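The values are calculated or read from the model by the stated rules, or taken from the named source; none is laboratory data. From a predicted model like this one, the values you see are computed outputs, not experimental measurements. Cβ coordinates were reconstructed from backbone atoms using ideal geometry, including for glycine residues, and neighbour counts include every protein chain displayed. Keep in mind that these areas ignore ligands, DNA and RNA; they rest on the heavy atoms of the full protein, side chains included. Shrake-Rupley method; radii C 1.70, N 1.55, O 1.52, S 1.80 Å.
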Amino acid sequence: MSSTETAGNTAQTWSAFAAAEPELAATVRERFGRYTHHVLATVRKDGSPRLTGLEVNFRFEELWLAMMPNSRKALDLRRDPRCSLLANPGGGTDMDGGDVRVSGRATEVTDPETLERFATEVGAPPPFHLFLVEPTEVVRTSVEGDELVVRTWTPGRPVRTIRRGNDDSPPREDS
């Protein structure tokens, strides 16, 4: 289990998150598994955000991002590993399964054995950049009945659940 410090947030591997919060981790994986393409937010050289599409891979009990050589998103992550992934929400407005987002750090993996193992597993020939995602926040937003429900996880804390109605009532936190 690796753990790193980034801007005040402790990052840890996906497998450590999944061990700590298996129900939320399974929901997030299922949501990402519905579609092939998702959205990655990175930080450009000038500090502005960059949104790009990509595939998300859950392999070897971890969350991986593979990218074409020298793609802008790969260069962004090499320079600044902070990122957010948003699962493809699908069509319509029914929020089927809710929205899920994983934010954290994406650290490039250059170990030849890991690259070869990943390439064999996914059937992608090198060269490519491979990044291991270390979550610092996982969020699922869904609709339950008449309420918007936001479940948030950060390392070292249990999942928080906040509910909002369709009225002027303040949000409330499950205890």
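Out of the residues in the range 111-131 that are part of a loop (DSSP other than H, G, I, E, B) and in contact (Cβ under 8 Å) with a residue 12 or more places away in the chain, which is farthest from residue 54 (Cα to Cα)?
Top of the filtered list is 127.
Considering only the range 148-175, how many residues are in contact (Cβ under 8 Å) with a residue 60 or more places away in the chain and not in a strand (DSSP E or B)?
Looking only at that region, the number is 5.
Given the conditions (1) of a type in the set (S, T, N, Q); (2) closer than 24 Å to residue 117 by Cβ; (3) modelled with pLDDT under 95, and given that residue 88 satisfies all but one, which numbered condition is not satisfied?
Single failed check for residue 88: (2).
Can you find even one residue in the range 132-147 that is more than 18 Å from residue 39 (Cα to Cα), part of a strand (DSSP E or B), open to solvent by less than 50 Å² (accessible area, probe 1.4 Å) and modelled with pLDDT under 95?
So far as the range 132-147 goes, yes, one or more of its residues are more than 18 Å from residue 39 (Cα to Cα), part of a strand (DSSP E or B), open to solvent by less than 50 Å² (accessible area, probe 1.4 Å) and modelled with pLDDT under 95.
Tell me, which strands (runs of 3 or more DSSP E) lie completely within the range 21-82 with 1 or more residues that are polar (S, T, N, Q) and open to solvent by 20 Å² or more (accessible area, probe 1.4 Å)?
Ranges flagged: 49-59.
Tell me, which residue of the range 83-101 that is part of a strand (DSSP E or B) and in contact with a helix residue (DSSP H, G or I) (Cβ under 7 Å, 6 or more places away or on another chain) is surrounded by the fewest Cβ atoms within 10 Å (Cβ to Cβ)?
Among those residues, the one meeting the criterion is 83.
So which residues in the range 100-133 are under 15 Å from residue 56 (Cα atoms) and of a type in the set (Asp, Glu)?
The initial filter retains those residues of the range 100-133 that are under 15 Å from residue 56 (Cα atoms), namely 100-108, 118-119, 121-124, 128-133.
Result: 108, 121.
On the given criteria, is residue 106 open to solvent by 30 Å² or more (accessible area, probe 1.4 Å), within 19 Å of residue 13 (Cα to Cα) and modelled with pLDDT of 95 or more?
Criteria not met by residue 106.
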